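Reviewing the structure listed below.
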Amino acid sequence: MNLDYSIHFSHRFVARLRAAREAKGFTQTKLAKLAGISRSALSMIESEDRNPTLFVCHALAKALGLQLSAMMRGVEIEERKHPKKFLR
């Protein structure tokens, strides 16, 4: 059976993201524009309704003037195995 792994970020990443955004004085709209994502996507990330891709994490860190490694430090990653369904 092939397995697909989803990565789920901990509350630490979201808390760091929100704290950095607020420290810079950025609204969600401003940070989203600088990162090249929609404000609603950022809102969903901050409310933990959506998990960002690595590309989005990098874009957010860059827009905040931070290294991605600093944003990810101490973030727990949980692997959830989901069987792939194959069509015949």
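The values are calculated or read from the model by the stated rules, or taken from the named source; none is laboratory data. Quantities reported herein were computed from a predicted structural model and do not represent experimental measurements. Using ideal geometry, Cβ is built from the backbone for each residue, glycine included, and neighbour counts are taken over all protein chains shown.
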Open item on the list: Residues to consider are I45, I37; find the one that is of a type in the set (V, I, T), out of contact with any Lys or Arg (no Cβ under 7 Å at 6 or more places or on another chain), buried (at least 17 other Cβ atoms within 10 Å of the Cβ) and within 19 Å of H11 (Cα to Cα).
Closed with: I45
TODO: Those residues that are more than 14 Å from R21 (Cα to Cα) and surrounded by 13 or more Cβ atoms within 10 Å (Cβ to Cβ), I need them from segment 48-57; list them, please.
DONE: E48, R50, N51, P52, V56
- [ ] With the condition kept exactly as written, say whether any residue in segment 14-32 is among the charged types (D, E, K, R) and outside any helix (DSSP H, G or I).
- [x] no
Task: Sole exception among (1) at pLDDT below 95; (2) loosely packed, with under 13 Cβ neighbours inside 10 Å for G25, by number - done: (1)
TODO: May I ask you to verify whether S6 is assigned to a strand (DSSP E or B), at pLDDT below 90 and hydroxyl-bearing (S, T, Y)?
DONE: yes
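Does R18 satisfy the condition of being in contact with a helix residue (DSSP H, G or I) (Cβ under 7 Å, 6 or more places away or on another chain) and modelled with pLDDT of 90 or more?
On the way: in contact with a helix residue (DSSP H, G or I) (Cβ under 7 Å, 6 or more places away or on another chain): yes; modelled with pLDDT of 90 or more: yes.
Considered against the rule, which asks whether it is in contact with a helix residue (DSSP H, G or I) (Cβ under 7 Å, 6 or more places away or on another chain) and modelled with pLDDT of 90 or more, R18 comes out as yes.
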